[in-house]
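Reading through the structure tokens given below for one structure.
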């Protein structure tokens, strides 16, 4: 493997918007180390977003909520999908969790995926994004990063006596005529129990771009429901029962179809689509029961156990092809926390079991093998050692075991279904540190391993890539691994916070796609590839200029190479990793009236031209233009007015200059000028 050094150092500030008071800068996090700690004390690079960010900025989907986070570029194959690239990794190479429950299952396909958009962003209380691998604490798939989505709750602990209240949201945008409505209700008895309910209905219309005009078949419909019941079993223990459901209908993969006539932007050109139709439907639900409490032993001061059940259905219709996959996932997790010596330990186990059925109009086109199962078992521990008043070390270990079985996978050589199985084990380590130069200045970093065991799609899948490539799995695929090194600085004062970091990630045994022309039919085969590496730099922060003015911004840069085969049995060459983020950043200046009833902010979102392309980018010519994806500079203005104590009005004027632009790797252009009007009524 070739090892390059960091070639650029980037300067910027961060996205942690809408924090109106300095005391909010010390908001704690839980995702990075599974315990609460301040951002300054964390040895990870973390971005926080809360419900106010999503509401006030009219962030449409959960993936789009991350579009201005450092180290992230949000690829959208189509308007109804979204797949964040976190430090160069996307899809199933990043881990998505909801209230600590894994969302990733064994049927996630490779490349940018649509599954992150099966969570209603309006049901989110806050999101905690950890950049970099964290497989020791969270297991398989966490190569680029881990996002833990925390859903809304009743807050009954902070109430007294009977309480009730709710919200009604409505939002309309002029570009597509889209309408979003949500109603929420919470009630209960303070200190004893509480319940919260939410219902969202969304009708997204076809979006318009100043170059392409109205992009037909980019609209879709979505409905979702969520509930949560919390009950205080005692003064030190609590029961939580939660349920979420979301359904999306007729999400067209626009770039593959004849509705895409191609895009010409100066000397940057994409090709037109060829299919009459390529349509996805998605349905997902999550139910979990959690009990948590405090223990009497020093080694077990806190504990929680969770039983979860998830059900998902994913189907695709396209010219001459139909496939559907149903997955039932059962989960059991336990976590304990206690004191050992001059530090604390977090330890636990997690187990998930997938039951999978799959069908298609032809056996060879089943998305994954029918009659499959997949088991994941992990045991982990992390010890935080207070070496001195200034230095804290964290060391972690996870042992994992995976087992896959399948009854019916179509063998394209023999023309009959076959059964099979496989199992894999992994041992992951991490060592991180946080050194306090002073109360306000910390040095952080460390070494973290990440891994991803092959899933059923790797082993038995049959899908389509780049609109026409037939992609098939291989039962001989092994796990992929990364080893990441990170070093950064954090500063936090009453008016200023900044985080800078550089990282280098070595990639081993990556699961990739390679052209296979050795048989009677040319295919793209899923197999383990050659080694590679990624590196980059990120800075983010915010500056409270005065009680009324605040500046927030971020900047990201990254690069990487991958040794790869041009075809099975072919030549190994070194190539740029696909869909790398260009130099990109954002900045927001916000003014708040002294009475805090009115706020106005202006923001810019910018990216340079990405012409550092890999061979895979060049082949993906319906999404990636010739000569690379052109850069852009987008300006927007947003405002909010608390017209009454229970009425909030918001207005956003997005893409003020009606720029024609596309996020690198996406299959659809972003919207042109758009006015977004919203109202929130509370009771």
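The values are calculated or read from the model by the stated rules, or taken from the named source; none is laboratory data. Predicted model only: the values in this text are computed from it and were never measured. In this analysis, Cβ positions are derived from the backbone assuming ideal geometry, glycine residues included, and neighbour counts consider all displayed protein chains.
Key figures for this structure:
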quantity	calculated
Residue among 322, 307 that is surrounded by fewer than 17 Cβ atoms within 10 Å (Cβ to Cβ), in a strand (DSSP E or B) and touching a helix residue (DSSP H, G or I) at 6+ places or on another chain (Cβ under 9 Å)	322
Options 659, 670, 601: the member that is more than 30 Å from residue 187 (Cα to Cα), touching a strand residue (DSSP E or B) at 6+ places or on another chain (Cβ under 9 Å) and part of a strand (DSSP E or B)	601
Strands (runs of 3 or more DSSP E) contained entirely in the stretch 528-578, each with at least 2 residues that are within 28 Å of residue 53 (Cβ to Cβ) and out of contact with any helix residue (DSSP H, G or I) (no Cβ under 6 Å at 6 or more places or on another chain)	532-544, 549-565
Flag if residue 627 is more than 27 Å from residue 184 (Cα to Cα) and modelled with pLDDT under 95	yes
Some residue of the stretch 485-501 being farther than 30 Å from residue 552 by Cα and either surrounded by fewer than 20 Cβ atoms within 10 Å (Cβ to Cβ) or in contact with a strand residue (DSSP E or B) (Cβ under 7 Å, 6 or more places away or on another chain) (or both)	no
Condition broken by residue 273, with the remaining ones in (1) under 22 Å from the mean Cα position of the chain (by Cα); (2) closer than 30 Å to residue 667 by Cα; (3) surrounded by 17 or more Cβ atoms within 10 Å (Cβ to Cβ) satisfied	(1)
Residue in the stretch 158-170 that is within 19 Å of residue 238 (Cβ to Cβ) and either within 24 Å of the chain's Cα centre (by Cα) or crowded, with 19+ Cβ neighbours inside 10 Å (or both) present	yes
Hey, residue 109 modelled with pLDDT under 90, within 17 Å of residue 284 (Cβ to Cβ) and part of a loop (DSSP other than H, G, I, E, B) or not	yes
Test: residue 587 is surrounded by 15 or more Cβ atoms within 10 Å (Cβ to Cβ), in contact (Cβ under 8 Å) with a residue 40 or more places away in the chain and farther than 22 Å from residue 255 by Cβ	yes
Residue check, residue 368 touching a helix residue (DSSP H, G or I) at 6+ places or on another chain (Cβ under 9 Å), outside any strand (DSSP E or B) and under 28 Å from residue 87 (Cβ atoms)	yes
Check on residue 142, assigned to a loop (DSSP other than H, G, I, E, B), surrounded by fewer than 23 Cβ atoms within 10 Å (Cβ to Cβ) and modelled with pLDDT under 95	no
Inter-residue pairs, beta-carbon under 6 Å, first more than 28 Å from residue 210 (Cβ to Cβ) and in the stretch 671-683, second assigned to a loop (DSSP other than H, G, I, E, B), 6+ apart	682/646
Filter result for residue 450 (part of a strand (DSSP E or B) and within 28 Å of residue 558 (Cα to Cα))	yes
Residue under evaluation residue 599, criteria (1) in contact with a helix residue (DSSP H, G or I) (Cβ under 9 Å, 6 or more places away or on another chain); (2) crowded, with 21+ Cβ neighbours inside 10 Å, criterion not met	(2)
Test for residue 618: is it more than 27 Å from residue 542 (Cβ to Cβ) and either touching a strand residue (DSSP E or B) at 6+ places or on another chain (Cβ under 9 Å) or not in a loop (DSSP other than H, G, I, E, B) (or both)	yes
Exclusive hit being closer than 22 Å to residue 280 by Cβ and either out of contact with any helix residue (DSSP H, G or I) (no Cβ under 9 Å at 6 or more places or on another chain) or free of Cβ contacts under 8 Å to residues at least 24 places away in the same chain (or both), set 98, 46	98
Criterion violated by residue 408 - all others in (1) part of a strand (DSSP E or B); (2) within 30 Å of residue 33 (Cβ to Cβ); (3) at pLDDT below 95 satisfied	(2)
Leading residue by the ranking (nearest to the chain's Cα centre (by Cα)) among those in the stretch 26-46 that are at pLDDT 90 or above and not in a loop (DSSP other than H, G, I, E, B)	46
Test: residue in the stretch 444-459 that is touching a strand residue (DSSP E or B) at 6+ places or on another chain (Cβ under 6 Å), modelled with pLDDT of 95 or more and surrounded by fewer than 17 Cβ atoms within 10 Å (Cβ to Cβ)	yes
Residue 291 being within 27 Å of the chain's Cα centre (by Cα) and either more than 18 Å from residue 620 (Cβ to Cβ) or surrounded by fewer than 19 Cβ atoms within 10 Å (Cβ to Cβ) (or both)	yes
Residues of the stretch 604-615 satisfying the condition of being touching a residue at least 24 places away in the same chain (Cβ under 8 Å) and part of a loop (DSSP other than H, G, I, E, B)	608, 609, 612, 613, 614
Qualifying residue in the stretch 330-352 (condition: part of a strand (DSSP E or B) and within 30 Å of residue 277 (Cβ to Cβ))	no
Hits in the stretch 112-139 (condition: in a helix (DSSP H, G or I) and without any contact (Cβ under 8 Å) to a residue 60 or more places away in the chain)	116, 138
Within the stretch 145-175, tally of residues that are under 30 Å from residue 670 (Cα atoms), touching a helix residue (DSSP H, G or I) at 6+ places or on another chain (Cβ under 8 Å) and in a strand (DSSP E or B)	4
